[in-house]
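Student: Structure below; questions to follow.
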C-alpha cells in the first residue's frame, strides 16, 4: 500500500483526497450537525451560497443543499460502490472462467455480453426500473429504499458485461503464457491455476476499469433521476439534480452544487483508476 | 573510401530514478560507403542504444545525447526531429529483430510496402503497386501479387522479415541499420536472410550496420567489426584482421562461447562467467576485468584507453593477447 | 509411410517410448498434421535432441509427450505406463514425472510471484514437505542452478535477465525430481554468451538429479554439446535419427546436411561450403506426396513423389528416411 501511495503527483493526491472526503461524508453524514435534508426551511428558500445556517444555500423547496450533498453521498456512493463491486466481481468471475474454459460456454457468454452491451445504459436501467419498481396500482407507493435496491440491480447489470469482457480479454492473453502451461504440466488443478496465476494478473485491469465504472455509474444514477426513475423522493445527488431540473434558470446554484460535486467525484475516480493501472502494470511500473 | 556516417564521441545518458545511466560512453565509429559494419555485444552492452542514437531515434526528456553524428556530411545531433526525419527511408532505413511487431498487424503487406513509395517518392497508386511487386520479388518472396494481399500474421517469420527488408530498401537508402535481424529466426532462415542482405547490398551499393550478439553471424557478413562492452567499443578492426589477430580477451571469450557443429567440446562448454557491470555503478578500471581470466591489478584500477595497433585495428586492453595465442 | 517406421527403436528398457504418435489441429480451412506417425525411445540418462525448423512439429511433439494436449493417436509409454490411457487424477499425478523448460524465459514465469513461490510451486501443488522443508528445498534448487538464494528469493521475475529467468525456470522444473525433462528451445532466446552457461547448467542438473532429457531446438550447433542422440524432423515426420557423431560427420539426409550448412562458422576465411536451403517448408495442411522434403531437396527424383521413404539403417546406429541418402 505504501508503494501505491508513494509517487502520486499533486493532481492524483487531490483526487485521492476528494474521494476520501466523499467516502468520509457518506459514512459520518447523519451524525453531522446539519439540517435534515428532507426538511424544508420555508424562511429561507432559494437562498444563495454562504447564507446564515445554509453554507451552500437552499433550493426553491427550502432544502439545505449542503445537507443533501453530504447525505446524498451516502446513497450515490453506495449505489456506485455496490453495483461496481457486485457487477465487477460477477463479471470478472464469469469472464475469467469462460475464457479459461473456451469452447461453447465461452461463445455463449461472449454473445450474452455483447447483447447486453449493445443496449444503451439508460435504456437498460429504465427498463429494469420499470419492471421492478413501478406499480400499475397508483395507490401502492414504492418506497425510496426499494428504488435504491432496484437501481443498484439495474446499474450492476450495466457494469457486469463491461468488466466481464475486460476480464475475458485479459484472461485470453494470460492463458497463452507459458507459465500457465508450466503450471498444468506440474499437475496443478484448474481451480488453482485460475486463482494463483490468472486472477492476480487480470485484477489490475479490473481495478482500473472499475474506478472508471464508478464514475459512469454515478453519472447514470443522476441521469436516471433526471428521467424520473431514480431515487426520486430520496436523498441522492441524482435526486437533487432531478428536483431542481425544472427551475434551473431561476435558482441556478441549486443545480451547480450537486453537478459540481458529481463531476469532481467522477474526475477523481477516473484519475485514481488511471493511476492504479499505471502502478499495478508491471511493465509501466518498472521504470 | 569516404564514410556515409561518422559517429564522433557519441555519449548517450538516460536519467532514471536510480541515477544517471550512461548507455553509450564516447563511441567513435565510421561507416564507410557501401561497407558492412558489425556491432557485436551482449544484451546491455549498449549496441542497440548506439544504433538508435546514431539514427536519432531516441527521444524523451530523460535522454541526453552529445557528440556528433554526421550522415552524408550533415550533422544529425541537435537537428530538430523533422529535419532528421528527412533522412529516413531515402537516406537511412532500418530493420528490426521482431518483424511481427515492426509491421502493422491490421494492414495488408502491399499497402505497408507501398506507403513509403507514395509518401517519400510521390509515386501514384498504380506505380507504387507495380514497384511493390518488384520489391517483394527482389527480396525473394514467391508470388508477390498474392503476398501483397496478405496480412503480416499470414506470413512466416522469415517472410515477414523479407517484407521488412522490402520496406527498408523501397527508397534506395544509402545506409541500412539491421538490429538483430535474424535472432528470432531459425538458423536455416537466418542463412537465407543474411544471403539476401549481402546480395541487396551489392546491388544497391548500400552500407549496412549489422547489430548482433553473435560473432558467428558477423564473421562472414561484414567488412568491419566493432565489439561493444559496457557502453564502449573495446575492439574494432576489419573483420578478417579481427578474427586473425584478436587483441581483447573479451572478444576471444565471445568467440569461444559460440556453439559450433564442428568438434564436440570435451566436457563443459567455455563460458564467460559473471555479468556486465551495473550501468549506474561501473568499476573504475576495465569493465571486463572482473570476468577476465587474464586480468591483473592494473586492469581493476586504470581504465584502458583505445590503442591503435595499425591496420585500422583498435583495442582497449592493458594486456592484449599475443597474435598466436588465439589458436588454442 | 514416409519418414515413419520403427526400425530405429531399440527395445530394452526405455524410460520413455513413443509409438506412432499423431497430432492434428483443426484450423480455419482444414486440418494441420503437426506430427505424423513419429516413434522414438529414450534410454535412461540419454539426451535426445529433436531438431528441425519452425513448424516441423517438434514443440507439438514435446507437448504431446506431456499430454498437453494428448496425441490423437499413438502411445506414449513412461516407465511402463501408457500416458495416453490416463485421465483425470491419474494423469495429473503422472505428469509430474515429466517436466518442461520453455523457450521464453520471461513468459514462463508468473510476473507477480516471488522467486520463492515460483520455485516452491510444484512442491505446494503436491503438498510435499512442511513449510520449512520446502524452503530448504527451494534454497537447494536455487543453489544448484547457480543463483544466490538470499539475493533472489524475494524478488520477482522481471528483475532478472533472460539467462537468470531460465535458471529459475530450470530450478522449478526439477523441483519434483522428474524422470524426464523436456527442454523446448531453452537457449534460443538468449545471447550467445549466455547460451553456453545454460547448456552447461542443464548438463550439471542432468548428472545431479539423474535426468533423462529431450532437447528441442532448431539449431544443430546448440544441440551438439548436450545430446547423445539426434532426431531430425521435417513437416511432422522423422528424417534422420541416430548417433550424433555419425550425423554430424556424415549426415545421410539432405535436410540434415542443409541444417548443418546453415550454422554460421565464426571464421571469415571459411565458408560453410554447403548451399543454404532454399524457400520455406510447404504448408502442413497440404504436405507434398511421398517424401515431404522433396520440394526443397537437391536430390529429389520421381520416386520421391510417388513413394514415401521409410527409416532404415545406413550405418551402425544411424537411420535415415530417404531414397537417395548422401554417400
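Student: Would you check which residues across region B:87-117 are more than 19 Å from the chain's Cα centre (by Cα), crowded, with 17+ Cβ neighbours inside 10 Å and part of a helix (DSSP H, G or I) and list them?
Tutor: If the condition is that a residue be more than 19 Å from the chain's Cα centre (by Cα), crowded, with 17+ Cβ neighbours inside 10 Å and part of a helix (DSSP H, G or I), then B:109, B:110, B:112, B:113, B:114, B:115, B:116, B:117 are the ones that fit.
Student: Out of C:17, C:26, which single residue is within 14 Å of chain A (Cβ to nearest Cβ), part of a strand (DSSP E or B) and surrounded by fewer than 23 Cβ atoms within 10 Å (Cβ to Cβ)?
Tutor: Details: C:17 fails: within 14 Å of chain A (Cβ to nearest Cβ).
Answer to the selection: C:26.
Student: A further question on this structure: Would you check if residue C:266 is within 14 Å of another protein chain (Cβ to nearest Cβ) and either closer than 30 Å to residue C:25 by Cβ or surrounded by fewer than 23 Cβ atoms within 10 Å (Cβ to Cβ) (or both)? Steps first, answer last, please.
Tutor: Values: within 14 Å of another protein chain (Cβ to nearest Cβ): yes; either closer than 30 Å to residue C:25 by Cβ or surrounded by fewer than 23 Cβ atoms within 10 Å (Cβ to Cβ) (or both): yes.
When the stated conditions are applied, residue C:266 passes them.
Student: From C:189, C:196, which residue is farther than 20 Å from residue C:320 by Cα, surrounded by fewer than 23 Cβ atoms within 10 Å (Cβ to Cβ) and facing chain B (nearest Cβ under 9 Å)?
Tutor: Values: C:196 fails: surrounded by fewer than 23 Cβ atoms within 10 Å (Cβ to Cβ).
It is C:189.
Student: Something else about it: Considering only residues that are more than 7 Å from chain A (Cβ to nearest Cβ), under 16 Å from the mean Cα position of the chain (by Cα) and surrounded by fewer than 24 Cβ atoms within 10 Å (Cβ to Cβ), which ones fall in region C:98-123?
Tutor: Passing the criteria: only C:103.
Residue by residue, here is whether (1) buried (at least 23 other Cβ atoms within 10 Å of the Cβ); (2) outside the structural domain of residue B:10 (by TED's automatic domain parsing); (3) in contact (Cβ under 8 Å) with a residue 60 or more places away in the chain; (4) under 21 Å from the mean Cα position of the chain (by Cα) holds:
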| residue | (1), (2), (3), (4) |
| --- | --- |
| B:231 | yes, no, yes, yes |
| B:238 | no, no, yes, yes |
| B:254 | yes, no, yes, yes |
| B:268 | no, no, no, no |
| B:284 | no, no, no, no |
| B:290 | no, no, no, no |
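Student: If the requirement is being within 12 Å of another protein chain (Cβ to nearest Cβ), over 20 Å from the mean Cα position of the chain (by Cα) and under 30 Å from residue C:28 (Cα atoms), which of these qualifies: C:278, C:294? Walk me through it before giving the result.
Tutor: Numbers: C:294 fails: within 12 Å of another protein chain (Cβ to nearest Cβ).
After ruling out the rest, the residue left standing is C:278.
Student: Could you go through region B:312-323 and let me know if any residue there is in a helix (DSSP H, G or I) and either modelled with pLDDT under 90 or crowded, with 18+ Cβ neighbours inside 10 Å (or both). Lay out the reasoning, then the answer.
Tutor: Going through region B:312-323, the residues in a helix (DSSP H, G or I) turn out to be B:323.
With either modelled with pLDDT under 90 or crowded, with 18+ Cβ neighbours inside 10 Å (or both) added as a condition, the list becomes B:323.
Checked region B:312-323: at least one residue is in a helix (DSSP H, G or I) and either modelled with pLDDT under 90 or crowded, with 18+ Cβ neighbours inside 10 Å (or both).
Student: Kindly indicate whether any position in region C:101-113 is in contact with a helix residue (DSSP H, G or I) (Cβ under 9 Å, 6 or more places away or on another chain) and closer than 19 Å to residue C:42 by Cα.
Tutor: As a first pass, look at region C:101-113 and keep what is in contact with a helix residue (DSSP H, G or I) (Cβ under 9 Å, 6 or more places away or on another chain): C:101-113.
Now narrow it down to the ones that are closer than 19 Å to residue C:42 by Cα: C:101.
Checked region C:101-113: at least one residue is in contact with a helix residue (DSSP H, G or I) (Cβ under 9 Å, 6 or more places away or on another chain) and closer than 19 Å to residue C:42 by Cα.
Student: Confirm whether residue A:266 is within 26 Å of residue A:11 (Cβ to Cβ) and touching a residue at least 40 places away in the same chain (Cβ under 8 Å). Lay out the reasoning, then the answer.
Tutor: Details: within 26 Å of residue A:11 (Cβ to Cβ): yes; touching a residue at least 40 places away in the same chain (Cβ under 8 Å): yes.
Judged against the criteria, residue A:266 is a match.
Student: Next question. Would you mention how many residues in region A:61-87 are farther than 30 Å from residue A:42 by Cα and buried (at least 24 other Cβ atoms within 10 Å of the Cβ)?
Tutor: Adding up the residues that qualify gives 5.
Student: Another question about this same structure. Does region A:194-215 contain any residue that is in a helix (DSSP H, G or I), more than 11 Å from chain C (Cβ to nearest Cβ) and within 30 Å of residue C:93 (Cα to Cα)? Before the answer, list the steps.
Tutor: Pass one, region A:194-215, residues in a helix (DSSP H, G or I): A:194-215.
The next check asks that each one be more than 11 Å from chain C (Cβ to nearest Cβ); those that pass are A:194-195, A:205-215.
Then drop every residue that is not within 30 Å of residue C:93 (Cα to Cα), which leaves A:194-195.
Within region A:194-215, one or more residues are in a helix (DSSP H, G or I), more than 11 Å from chain C (Cβ to nearest Cβ) and within 30 Å of residue C:93 (Cα to Cα).
Student: Looking at this structure, is residue C:173 surrounded by fewer than 17 Cβ atoms within 10 Å (Cβ to Cβ) and either under 20 Å from residue C:16 (Cα atoms) or within 9 Å of another protein chain (Cβ to nearest Cβ) (or both)?
Tutor: Details: surrounded by fewer than 17 Cβ atoms within 10 Å (Cβ to Cβ): no; either under 20 Å from residue C:16 (Cα atoms) or within 9 Å of another protein chain (Cβ to nearest Cβ) (or both): yes.
Considered against the rule, which asks whether it is surrounded by fewer than 17 Cβ atoms within 10 Å (Cβ to Cβ) and either under 20 Å from residue C:16 (Cα atoms) or within 9 Å of another protein chain (Cβ to nearest Cβ) (or both), residue C:173 comes out as no.
Student: Just wondering, is there one or more residues in region C:46-68 that are part of a strand (DSSP E or B) and either at pLDDT below 90 or surrounded by fewer than 21 Cβ atoms within 10 Å (Cβ to Cβ) (or both)? Can you show your working first?
Tutor: Residues of region C:46-68 part of a strand (DSSP E or B): C:47-51.
Subset that is either at pLDDT below 90 or surrounded by fewer than 21 Cβ atoms within 10 Å (Cβ to Cβ) (or both): none.
No; the residues of region C:46-68 include none that is part of a strand (DSSP E or B) and either at pLDDT below 90 or surrounded by fewer than 21 Cβ atoms within 10 Å (Cβ to Cβ) (or both).
Student: Within region B:160-172, identify whether any single residue is in a strand (DSSP E or B), closer than 25 Å to residue C:192 by Cβ and away from chain C (no Cβ under 14 Å), and answer yes or no.
Tutor: no
Student: Within the bounds of region B:238-261, is there any residue that is at positive phi, more than 7 Å from chain C (Cβ to nearest Cβ) and at pLDDT below 90?
Tutor: Of the residues in region B:238-261, the ones at positive phi are none.
Within region B:238-261, not a single residue is at positive phi, more than 7 Å from chain C (Cβ to nearest Cβ) and at pLDDT below 90.
Student: Still on this structure, I have one more. Here is a list of conditions, (1) surrounded by 15 or more Cβ atoms within 10 Å (Cβ to Cβ); (2) touching a helix residue (DSSP H, G or I) at 6+ places or on another chain (Cβ under 8 Å), and residue C:284 meets all of them except one; can you say which number that is?
Tutor: That leaves (2) as the condition not met.
Student: Quick one: would you say residue B:128 is free of Cβ contacts under 8 Å to residues at least 40 places away in the same chain and buried (at least 17 other Cβ atoms within 10 Å of the Cβ)? Give the steps one after another, and end with the answer.
Tutor: Values: free of Cβ contacts under 8 Å to residues at least 40 places away in the same chain: yes; buried (at least 17 other Cβ atoms within 10 Å of the Cβ): yes.
Against the criterion (free of Cβ contacts under 8 Å to residues at least 40 places away in the same chain and buried (at least 17 other Cβ atoms within 10 Å of the Cβ)), residue B:128 qualifies.
Student: Are any of the residues in region C:251-261 at pLDDT below 85 and touching a strand residue (DSSP E or B) at 6+ places or on another chain (Cβ under 8 Å)? Don't jump to the end; show me each part of the working.
Tutor: If we filter region C:251-261 for residues that are at pLDDT below 85, which is where we start, we get none.
No, region C:251-261 contains no residue that is at pLDDT below 85 and touching a strand residue (DSSP E or B) at 6+ places or on another chain (Cβ under 8 Å).
Student: On to the next question. Tell me which residues, restricted to region A:1-12, are at pLDDT 80 or above and either loosely packed, with under 13 Cβ neighbours inside 10 Å or under 9 Å from residue A:70 (Cα atoms) (or both).
Tutor: Of everything in region A:1-12, those that are at pLDDT 80 or above and either loosely packed, with under 13 Cβ neighbours inside 10 Å or under 9 Å from residue A:70 (Cα atoms) (or both) turn out to be A:9, A:10, A:11.
Student: Turning to a different aspect of this structure: How many of the residues in region C:9-22 are in contact with a helix residue (DSSP H, G or I) (Cβ under 9 Å, 6 or more places away or on another chain) and touching a residue at least 60 places away in the same chain (Cβ under 8 Å)?
Tutor: Of the residues in that region, 1 qualify.
The values are calculated or read from the model by the stated rules, or taken from the named source; none is laboratory data. Model, not experiment: these values are computed from the prediction. Positions of Cβ are generated from backbone atoms using ideal geometry, with glycine treated the same way; all protein chains shown enter the neighbour counts.
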